[in-house]
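Trainee: Have a look at this one before I ask anything.
The values are calculated or read from the model by the stated rules, or taken from the named source; none is laboratory data. Just so we're clear, the structure is a prediction, and the values are computed from it rather than from any experiment. Neighbour counts run over all protein chains shown; Cβ positions are idealised from the backbone, glycine included.
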Amino acid sequence: MDADDGRDDGGFRKGRKAATLVVLPFVALGVGNLLLILQWGLDPLWGFLLLPPVLFVSVIGWIAIRGGFAENRTGDGDYDGGV
């Protein structure tokens, strides 16, 4: 493995910190939505129903960003934009 291919010691393209910074706004939106729903006076059971999908999708996103799966894997394309 080359030293300049953008990978860290574990072979991942992005570090844990970068992946966390990308996923953190989505976690904040999900938890904020949960708190808003609970403040409206809905049954706390809704909190237990909404929190696991928010956390699951956030963890999957963190893994995808950390592993480099969420990057362009097609190489250089010939599409220059436009209609």
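Trainee: Quick one: in the stretch 12-42, which of the residues that are assigned to a helix (DSSP H, G or I) and among the charged types (D, E, K, R) is farthest from residue 60 (Cα to Cα)?
Mentor: Restricting to residues being assigned to a helix (DSSP H, G or I) and among the charged types (D, E, K, R), the top hit is 17.
Trainee: Tell me, yes or no, whether the stretch 41-57 has at least one residue that is closer than 30 Å to residue 69 by Cα, modelled with pLDDT of 90 or more and surrounded by 14 or more Cβ atoms within 10 Å (Cβ to Cβ).
Mentor: There is at least one residue in the stretch 41-57 that is closer than 30 Å to residue 69 by Cα, modelled with pLDDT of 90 or more and surrounded by 14 or more Cβ atoms within 10 Å (Cβ to Cβ).
Trainee: A further question on this structure: What single numbered condition from (1) modelled with pLDDT under 85; (2) touching a Lys or Arg at 6+ places or on another chain (Cβ under 9 Å); (3) of a type outside the set (D, E, K, R) fails to hold for residue 62?
Mentor: Single failed check for residue 62: (1).
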